[in-house]
Amino acid sequence: RVPITTLQVEGQSRTPWGAVVKLVVVLAGSPATVLPQAAPRATGLFIVDPKGNLTQAAAAEQTYRRLFPDATVLSGRQASRTQLLLELRSGPRWMHFDGHGRFDPAFPELSSLELADGEVIGDELAEVAGRCELINLSGCKTGRSPVSADSGRFGLAGPLIHAGVQWVVVSR
């Protein structure tokens with residue numbers, strides 16, 4: 001219910017579709033929130049190209065390691081279902097996924113992320129990711145959900161939001 005407006009950063013030229021653009025997100029009418037201090041947690045978690053077939057994955061991985069030296073980066077075979085769930089149980093503040101998503105139109109609750117050794121469905125992910133503040137799923141169909149009155153419960157974003165993740169960014 002909070003209107004969100006994204007504004008292009010002043011002085012930045014427009015870029016072609018798919019290029020990186022810095023945006024400022026403004027939450028109009030949202031009161032300031034002070035969060036209680038909690039025990040320090042792991043900074044973040046990157047899951048990069050679990051299937052080993054994304055063309056820019058190696059460059060992205062190097063960039064993530066350089067810009068976020070305290071984050072855990074799992075790529076290729078390391079980005080397994082087992083390792084992802086284990087890392088999320090340690091409670092990272094945020095997670096970024098570069099890989100393939102799968103939307104199941106017949107059974108949307110079975111929509112999943114494809115990892116090196118199998119898939120993880122939204123409910124499984126939500127069980128261990130609820131303490132994350134932000135989850136960014138950069139993969140096709142990670143934002144899909146059925147067109148129905150209860151569509152927000154299904155797909156990948158719905159279970160994460162219901163589990164308590166404050167910000168979920170997905171792709172339709």
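The values are calculated or read from the model by the stated rules, or taken from the named source; none is laboratory data. Every value quoted in this text rests on a predicted model; they were computed, and no experiment measured them. Here Cβ is always computed from backbone atoms with ideal geometry, including for glycine, and neighbour counts include all displayed protein chains. Surface areas here come from the heavy atoms of the whole protein model, side chains and all, with no ligands, DNA or RNA. Shrake-Rupley method; radii C 1.70, N 1.55, O 1.52, S 1.80 Å.
What the table shows:
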read-out: Test for Ser80: is it at pLDDT 95 or above, open to solvent by less than 80 Å² (accessible area, probe 1.4 Å) and among the small types (Gly, Ala, Ser); value: yes
read-out: Set Trp94, Trp17: member being modelled with pLDDT of 75 or more and hydrophobic (A, V, I, L, M, F, W, C); value: Trp94
read-out: Residue, farthest from Leu84 (Cα to Cα), within segment 109-125, restricted to residues that are out of contact with any Lys or Arg (no Cβ under 7 Å at 6 or more places or on another chain) and surrounded by 20 or more Cβ atoms within 10 Å (Cβ to Cβ); value: Gly122
read-out: Qualifying residue in segment 85-97 (condition: over 14 Å from the mean Cα position of the chain (by Cα) and within 17 Å of Ile161 (Cβ to Cβ)); value: no
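Quick grid of which residues meet (1) at pLDDT 95 or above; (2) more than 16 Å from the chain's Cα centre (by Cα); (3) open to solvent by 80 Å² or more (accessible area, probe 1.4 Å); (4) not polar (S, T, N, Q):
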{"site": "Lys22", "(1), (2), (3), (4)": "no, yes, yes, yes"}
{"site": "Ala28", "(1), (2), (3), (4)": "no, yes, no, yes"}
{"site": "Pro31", "(1), (2), (3), (4)": "no, yes, yes, yes"}
{"site": "Pro36", "(1), (2), (3), (4)": "no, yes, yes, yes"}
{"site": "Ala39", "(1), (2), (3), (4)": "no, yes, no, yes"}
{"site": "Thr43", "(1), (2), (3), (4)": "no, no, no, no"}
{"site": "Gly52", "(1), (2), (3), (4)": "no, yes, no, yes"}
{"site": "Ala60", "(1), (2), (3), (4)": "no, no, no, yes"}
{"site": "Leu74", "(1), (2), (3), (4)": "yes, no, no, yes"}
